[in-house]
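To start, the structure itself, in structure tokens.
The values are calculated or read from the model by the stated rules, or taken from the named source; none is laboratory data. Small disclaimer: the values here were computed from a predicted structure and weren't measured. As a convention, Cβ positions derive from the backbone with ideal geometry for all residues, glycine included, and neighbour counts pool all protein chains shown. Surface accessibility is based on the protein's heavy atoms, side chains included, excluding ligands, DNA and RNA. Shrake-Rupley method; radii C 1.70, N 1.55, O 1.52, S 1.80 Å.
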Amino acid sequence: MSFSIEIFLILFFVACFAGFLDAIAGGGGLITIPALFMSGLPPAMVLGTNKLQSCAGSFFASLYFYRSGMIELRYFRLIIIMSFLGGVIGAILVQIIHTDILKNLLPFLTFLIGLYFLFTPSLGQQTSQRRISYTAFAFSVSLTIGFYDGLFGAASGSMYCLAFITLLGFSISKATAYAKVLNFASNFASLCCFLIGGEVYLPFGFTMLLGQSIGARLGAKLVVTRGQTFIRPLVITMSFLLTFKIVYDQHLSKLL
């Protein structure tokens with residue numbers, strides 16, 4: 001396959017913006033996946049290449065959060081491992097099962113996430129009491145969302161964030177930081193499966209990886225410095241945009 005330099009430049013800047021959004025509220029796949037499809041890559045290779053660049057974004061955002069002192073990994077090793085394991089299982093199953101039911105349920109999930117953040121303005125403004133243990137969180141929430149991320153992936157960052165706030169009592173800034181760590185774990189697991197299957201177009205992947213690293217660092221910096229001011233409105237906006245895009249792709253586009 002050969003592509004013009006213009007396509008590489010477009011994908012680089014698309015990945016920059018997607019990395020910025022992902023670090024704050026998730027939903028970068030709304031931009032990167034359509035861009036990769038428009039480049040002409042086969043569907044499976046689009047998903048694999050997208051995992052490479054999104055893996056980079058979640059890694060560099062996590063690294064910035066860690067260096068800023070927002071992440072303490074000592075108590076979260078099991079949670080991270082379960083997210084990775086879930087990602088492996090999901091990435092394997094997505095190659096052998098149909099995900100139509102999940103695709104039909106997803107708009108309702110993303111819409112409910114948006115509504116929840118919209119009508120609970122005090123959500124995550126400060127830390128609160130933890131409702132379950134870290135071990136229970138690892139084997140229930142982390143494994144389940146990691147599995148979903150490997151299987152499908154859309155809005156997984158928002159799901160992690162909401163779970164950290166409601167179940168572990170994190171502030172929204174802290175929840176966003178830890179959500180990026182778990183996103184990286186499940187994304188990396190999925191990426192390994194796609195690499196083994198030869199479904200990653202490395203020239204596009206590394207081009208977008210560079211863009212993601214820049215955008216993710218800028219977005220993570222805003223989370224650290226501005227916190228609630230930026231995160232909550234973007235989570236709501238991206239949840240509703242993702243809902244509309246999925247409904248449009250599945251239903252409305254066939255009517256137009």
For Lys51, which aspartates and glutamates qualify as cross-link partners when the Cα separation must be under 20 Å and same-chain residues fewer than eight apart are set aside? Asp22, Asp149, Glu199
Between rounded, prolate and oblate, where does the chain land on the alpha carbon gyration tensor, with a ≥ b ≥ c its root eigenvalues, rounded for a/c under 1.5, else prolate if a/b exceeds b/c? rounded
Work out from phi, with θ = phi - 60° and the Karplus expression 6.51 cos²θ - 1.76 cosθ + 1.60, the ³J(HN,Hα) of each residue of region 51-67, listed in order in whole Hz, and give x for Gly and Pro. 5, 4, 6, 6, 4, 5, x, 5, 5, 5, 5, 4, 4, 5, 4, 5, 5
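Compute the signed sum of charges (Lys and Arg +1, Asp and Glu -1) over the other residues within less than 11 Å, Cβ to Cβ, of Tyr134.
+3
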Give me a comma-separated list of calculated 3J(HN,Hα) values for region 231-248, in order, Karplus coefficients 6.51, -1.76, 1.60 applied at θ = phi - 60°, integers in Hz, x for any Gly or Pro. 5, 4, x, 6, 4, 4, 4, 5, 5, 5, 5, 5, 4, 4, 5, 5, 4, 4
Averaging sequence separations of C-alpha pairs under 8 Å and six or more residues apart, then dividing by the length of region 157-246, give the relative contact order as a whole percent. 31
When the dipole is taken about the Cα centre of the chain, and only Lys, Arg (+1) and Asp, Glu (-1) are charged at their Cβ, what size is it in debye, to the nearest 20? 700
Determine, for each peptide in 173-180, 211-218, the mean count of other beta carbons within 10 angstrom over its residues, then list the peptides with the highest first. 173-180, 211-218
In what sequence, highest mean first, do 144-153, 131-140 appear when ranked by Cβ atoms within 10 angstrom? 144-153, 131-140
Can you list the HN-Hα couplings for region 164-179, worked out from phi with the Karplus curve (6.51, -1.76, 1.60; θ = phi - 60°), rounded to whole Hz and with x for Gly and Pro? 4, 5, 7, 9, 9, x, 6, 6, 5, 5, 5, 4, 4, 5, 5, 4
Expected field for Val200, accessible surface area in Å² at 1.4 Å probe radius, rounded to 10, holds 20
Taking Lys and Arg as +1 and Asp and Glu as -1, residues besides Gly169 with C-beta under 10 Å from its C-beta add up to +3
